[in-house]
Amino acid sequence: MARDEINAFLGTGTDYQGKLNFQGAVRIDGNFKGEVESEGTLVVGKEASVEGVLKVGQLVLSGKLSGEVFAREKAVLHKTANLQGNLLTPVLVVEEGAVLEGRVTMTSGASESVETETQEIS
């Protein structure tokens, strides 16, 4: 999948609560509270605020995120990112200026670890 192919978009000014399941890539620029589950890529824009449990293939964070994050492949925190919570991923990219408060766990077998951690938290 090309990096810029977004399947769904929750724009600025939107508020959403609930459970989000998707394939491919989704971008959130509004406010989201709940659960996200996908093998795809979740892009959280600079103006976005997300709260909850995220289980995704990849996370690209530029806005605020509070909660538990399980990124099976990779997590990228841009300079405007603010992550408050726990992160489990095999690959972590953090730009200078990003804020990360919480526990970070990096393992080579993230898929297995995600399943283990998820079961422990549930």
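Taking other Cβ atoms within 10 Å as a rough exposure proxy, ILE6, ILE28 sort from fewest to most as ILE6, ILE28. Candidate values [x] 13.0, 38; [y] 20.0, 62; [z] 15.0, 47 were compared with Rg and Dmax of the Cα atoms in Å computed on the shown model; the agreeing label is [x].
Neighbour counts of C-beta atoms inside 10 Å place ARG27, ARG72, ARG103 in the sequence ARG103, ARG27, ARG72, starting with the fewest. Taking the number of Cβ atoms within 10 Å of each Cβ as an exposure proxy, the fewest-first ranking of GLU101, GLU35 is GLU101, GLU35. Each of PHE22, LEU87, LEU77 was scored by the projection of its Cα onto the charge dipole of the chain, and the greatest displacement toward the positive side belongs to LEU77; charges sit on the C-beta of Lys, Arg, Asp and Glu. Rounded to the nearest 20, the size of the Cβ-charge dipole of the chain about its Cα centre is 200 debye, with Lys and Arg at +1 and Asp and Glu at -1.
Per residue, the average separation of C-alpha pairs within less than 8 Å and at least 6 apart gives the chain a relative contact order of 15 percent. When the alpha carbon gyration tensor of region 7-71 is reduced to an equivalent ellipsoid, its three semi-axes come out at 15, 12, 11 angstrom, largest first.
Taken together, the values in this text are just the output of simple stated rules run on the coordinates, not laboratory data. Source: prediction; values computed, not measured. In this analysis, Cβ positions are derived from the backbone assuming ideal geometry, glycine residues included, and neighbour counts consider all displayed protein chains.
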